[in-house]
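Asks: The structure is given below, and queries will be raised subsequently.
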Amino acid sequence: MGIGPRLDLRQSQSLVMTIQLQQAIKLLALTNVELESFIGAELEKNPLLDSGEGDSVAAPESAAPALDSAPADDLIRAGNSESDAPLDVDFTAETFHHDGPTDSVAAGGTGASSSTNSSSEFAGDFEDMAASEPSLVDVLIEQAAAAFGHDPAALLIARHLIDLIDDAGYLGGSVEDVADRLDADVTAVETVLATIQRFDPVGVGARSLAECLRVQAREADRLDPAMAALLDHLEILARGDMANLRRICGVDQEDLSDMIRELRAYNPKPGLLFGGERPQAVVADVFVRRGSEGGWLVELNAATLPRVLVDRDYHAQLNGACGKGDTGRATKSFLSDCLTSANWLVKALDQRARTIVKVSTELVKQQEAFFAHGVHHLKPLTLRAIADEIGMHESTVSRVTSNKYLSCDRGLFELKYFFTSAIQSADGGDAVSAKAVQDRIARLIAAEPPAVPLSDDKLVDILRGEGFDIARRTVAKYREGMNIGSSVARRRAKLLAAAA
């Protein structure tokens, strides 16, 4: 058989995700901040999009009703058309209906749209105030300019040292390296560093915890020989060996307690008063509250809903002003693409909100005992259980619950918080949530006798006596996950607290 080229015709089927579908799925997983940035970019490049502040802007004809004015039932009901269905990977979601009483879990409409604008206005003001605060480097450079302005060589050394100070306020390099790099005397660098350590915040630029506390004690005029000896033996203080510390420092119990109280008043990380990345405030995406006639109301947070509408009047004006030549045809084509993109974005945002409400509503229904009685009634729950109940893909539920937060009377929780593994009951009864077991462990440790902390083995015995089939390594893992030390560490901490 000869070898040569030939043409074959084959027929196959494959799932092709359009760009708009990919972007719609991406929108579902975005956080509030990321969604705001995405909307801002779309507003800049699409002239037909409007933020909703104007009065002459009309919503697209094919778009669903706005969520802030829709009836409660509309917030959890998928439309008949595919475009109005909650976002899902396979787009096979069905209409969700409650089997029980209609008021057991109901979705409520959000507040008026004016609350969104006012909340955004205040949020912007607070962000501006936070951004205007100086950083640690700015504060130190300003003080260095005042202290070494008359000595350019010392100012150069100071600037170099300040660049080596981390966010916690500690010097990240050695004095010898700085001296070699700047061709300066080590004594001169040490002198400049000693001056920097007395800047505000006091103790910044220290090379160790002991040096940081020593500088603060010196500035407070408390660095006597006994305090110096205590700072030289911080490892003994960490072990809680009070008898050995009294012997080393040459003081009695009362004086040692006074010295420990003094150390507790110092800041071991002075740089954190200024520098570091400012944490972002967590804003709830969904509110859950009791209804006036029983059941639970699930509401979207109006402050996190973007107001994006299509300016059809502007589109008509631009389209009418286009000429008949090649330029006019190109302009009309561009406007048509912008209109299609704008209509898609409005519908995608509406579908995103509907999907979040639908998943949150089922989540509240599954974990109703938690909202009514507390964390010890939290049930084991998986993403697949929610997906099967509402007829969505498991990955869609995962995207909805990622970086989304729910606010209720019991606090602010990430939606992922309600999905926990199961701990089997020792008597063969219903399994309990791992978070319920963690809560019980935390309560037991909080109520333990100060002199006799509960060991992990003792915790296992108590939990098994209460019907939890749990291993010791699981108890240790849960305890460490809650940042609770071992029984030895807790006893040592309580000895230090008693001494202070």
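Asks: Hey, which of the helices (runs of 4 or more DSSP H) in the range 455-499, taking only ones fully inside, have at least 2 residues that are of a type outside the set (S, T, N, Q), surrounded by 14 or more Cβ atoms within 10 Å (Cβ to Cβ) and in contact (Cβ under 8 Å) with a residue 60 or more places away in the chain? Before the answer, list the steps.
Replies: Numbers: elements: 456-465, 472-481, 487-499.
Counting at least 2 such residues, we get 487-499.
Asks: Right, something else. Could you please find all residues in the range 183-199 being surrounded by fewer than 15 Cβ atoms within 10 Å (Cβ to Cβ) and of a type in the set (A, V, I, L, M)?
Replies: Val186, Ala194
Asks: Okay, moving on. Do we find a residue being assigned to a loop (DSSP other than H, G, I, E, B), of a type outside the set (Gly, Ala, Ser) and under 26 Å from the mean Cα position of the chain (by Cα) anywhere in the range 308-316?
Replies: yes
Asks: State all residues of the range 308-323 that are loosely packed, with under 13 Cβ neighbours inside 10 Å and farther than 17 Å from Leu49 by Cβ; if no residue qualifies, say none.
Replies: Hits for the range 308-323 are Gly320, Ala321, Gly323.
Asks: Which of the residues belonging to the range 428-454 are over 19 Å from Arg491 (Cα atoms) and in contact (Cβ under 8 Å) with a residue 24 or more places away in the chain?
Replies: Going through the range 428-454, the residues over 19 Å from Arg491 (Cα atoms) turn out to be 428-440.
Within the range 428-454, Gly429, Ala431, Val432, Ser433, Ala434, Lys435, Ala436, Val437, Gln438, Asp439, Arg440 meet the criteria.
Asks: Taking the condition hydroxyl-bearing (Ser, Thr, Tyr) and in a loop (DSSP other than H, G, I, E, B), does Thr355 pass? Break it down stepwise before answering.
Replies: Numbers: hydroxyl-bearing (Ser, Thr, Tyr): yes; in a loop (DSSP other than H, G, I, E, B): no.
No.
Asks: Additional query: For the range 159-189, what are the residues that are assigned to a strand (DSSP E or B) and of a type outside the set (A, V, I, L, M, F, W, C)? Don't jump to the end; show me each part of the working.
Replies: Of all residues in the range 159-189, those assigned to a strand (DSSP E or B) come to 165, 170-171.
The answer is Tyr170, and nothing else.
Asks: Taking interchain pairs and intrachain pairs at least six residues apart, which have beta carbon atoms under 6 angstrom, with the first residue in the range 179-205 and on the phi > 0 side of the Ramachandran plot and the second not in a helix (DSSP H, G or I)?
Replies: Qualifying pairs under 6 Å: Gly205/Ile165; Gly205/Leu171; Gly205/Gln197.
Asks: Restrict the check to the range 324-334 and report whether at least one residue is on the phi < 0 side of the Ramachandran plot, touching a residue at least 24 places away in the same chain (Cβ under 8 Å) and surrounded by 14 or more Cβ atoms within 10 Å (Cβ to Cβ). Before the answer, list the steps.
Replies: Of the range 324-334, the ones on the phi < 0 side of the Ramachandran plot are 324-334.
After this cut, where a residue has to be touching a residue at least 24 places away in the same chain (Cβ under 8 Å) as well, the list is none.
No, the range 324-334 has no match at all.
Asks: Here's another thing I want to ask about it. Say we look at the range 250-274 and pick out the residues that are assigned to a loop (DSSP other than H, G, I, E, B) and of a type outside the set (D, E, K, R); which of these is modelled with the lowest pLDDT? Write out each step before concluding.
Replies: As a first pass, look at the range 250-274 and keep what is assigned to a loop (DSSP other than H, G, I, E, B): 250-252, 265-269, 274.
Narrowing the set further to residues that are of a type outside the set (D, E, K, R) leaves 250-251, 265-268, 274.
Numbers: Gly250: 91, Val251: 90, Ala265: 89, Tyr266: 92, Asn267: 93, Pro268: 93, Phe274: 79.
Within the range 250-274, the match that is modelled with the lowest pLDDT is Phe274.
Asks: Here is a further query. Looking at the range 424-431, can you tell me whether even one residue there is under 26 Å from the mean Cα position of the chain (by Cα) and within 26 Å of Leu363 (Cα to Cα)? If you could, list the steps in order and put the result at the bottom.
Replies: At the first step, the residues of the range 424-431 found to be under 26 Å from the mean Cα position of the chain (by Cα) are none.
No, because not a single residue in the range 424-431 is under 26 Å from the mean Cα position of the chain (by Cα) and within 26 Å of Leu363 (Cα to Cα).
Asks: Just one of (1) surrounded by 14 or more Cβ atoms within 10 Å (Cβ to Cβ); (2) outside any loop (DSSP other than H, G, I, E, B) trips up Arg247, so point out which.
Replies: If we test Arg247 against (1) surrounded by 14 or more Cβ atoms within 10 Å (Cβ to Cβ); (2) outside any loop (DSSP other than H, G, I, E, B), just (1) comes out false.
Asks: Which one is modelled with the lowest pLDDT among residues in the range 282-298 that are part of a strand (DSSP E or B) and surrounded by fewer than 21 Cβ atoms within 10 Å (Cβ to Cβ)?
Replies: Filtering first and then ranking leaves Gly294.
Asks: A follow-up question, please. Quick test for you: out of Val204, Val283, Val215, pick the one residue that is out of contact with any helix residue (DSSP H, G or I) (no Cβ under 8 Å at 6 or more places or on another chain) and under 26 Å from Glu133 (Cβ atoms). Can you show your working first?
Replies: Working: Val204 fails: out of contact with any helix residue (DSSP H, G or I) (no Cβ under 8 Å at 6 or more places or on another chain); Val283 fails: out of contact with any helix residue (DSSP H, G or I) (no Cβ under 8 Å at 6 or more places or on another chain).
Every option except Val215 fails the conditions.
Asks: Scan the range 376-427 for residues that are touching a Leu at 6+ places or on another chain (Cβ under 7 Å) and outside any helix (DSSP H, G or I) and report the count. Even if it seems obvious, please write down each step before you answer.
Replies: Taking the range 376-427 and keeping what is touching a Leu at 6+ places or on another chain (Cβ under 7 Å), we get 386, 394, 396-401, 404-406, 413, 415, 418-420.
When the remaining residues are screened for being outside any helix (DSSP H, G or I), the result is 404-406, 413, 419-420.
Here the count works out to 6.
Asks: So, in the range 1-27, of the ones that are out of contact with any Asp or Glu (no Cβ under 9 Å at 6 or more places or on another chain) and in a helix (DSSP H, G or I), which residue ends up farthest from Val283 (Cα to Cα)?
Replies: Going through the range 1-27, the residues out of contact with any Asp or Glu (no Cβ under 9 Å at 6 or more places or on another chain) turn out to be 1-14, 16-24, 26-27.
Adding the requirement that they be in a helix (DSSP H, G or I) leaves 19-24, 26-27.
On the way: Ile19: 30, Gln20: 28, Leu21: 27, Gln22: 26, Gln23: 23, Ala24: 22, Lys26: 20, Leu27: 18 Å.
The extreme case among them is Ile19.
Asks: Still on this structure, I have one more. Restricting to the range 335-362, name every residue that is in contact with a Lys or Arg (Cβ under 9 Å, 6 or more places away or on another chain), buried (at least 22 other Cβ atoms within 10 Å of the Cβ) and either more than 21 Å from Ile386 (Cβ to Cβ) or outside the structural domain of Ile39 (by TED's automatic domain parsing) (or both).
Replies: Selection gives nothing.
Asks: Looking at (1) farther than 30 Å from His233 by Cβ; (2) without any contact (Cβ under 8 Å) to a residue 40 or more places away in the chain; (3) under 38 Å from the mean Cα position of the chain (by Cα), can you tell me which one Leu171 breaks?
Replies: In the conditions (1) farther than 30 Å from His233 by Cβ; (2) without any contact (Cβ under 8 Å) to a residue 40 or more places away in the chain; (3) under 38 Å from the mean Cα position of the chain (by Cα), Leu171 misses (1) alone.
To keep it simple, each residue is scored yes or no on (1) among the small types (Gly, Ala, Ser); (2) out of contact with any Cys (no Cβ under 9 Å at 6 or more places or on another chain); (3) in contact (Cβ under 8 Å) with a residue 60 or more places away in the chain.
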residue	(1), (2), (3)
Val215	no, yes, no
Arg222	no, yes, no
Asp232	no, yes, no
Ile236	no, yes, no
Met259	no, no, no
Arg264	no, yes, yes
Leu272	no, yes, yes
Ser292	yes, yes, no
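The values are calculated or read from the model by the stated rules, or taken from the named source; none is laboratory data. Here the structure is a predicted model, which is why all the values come from computation and not from measurement. Note that each Cβ is placed from the backbone with ideal geometry, even for glycine, and that neighbours are counted across all protein chains shown.
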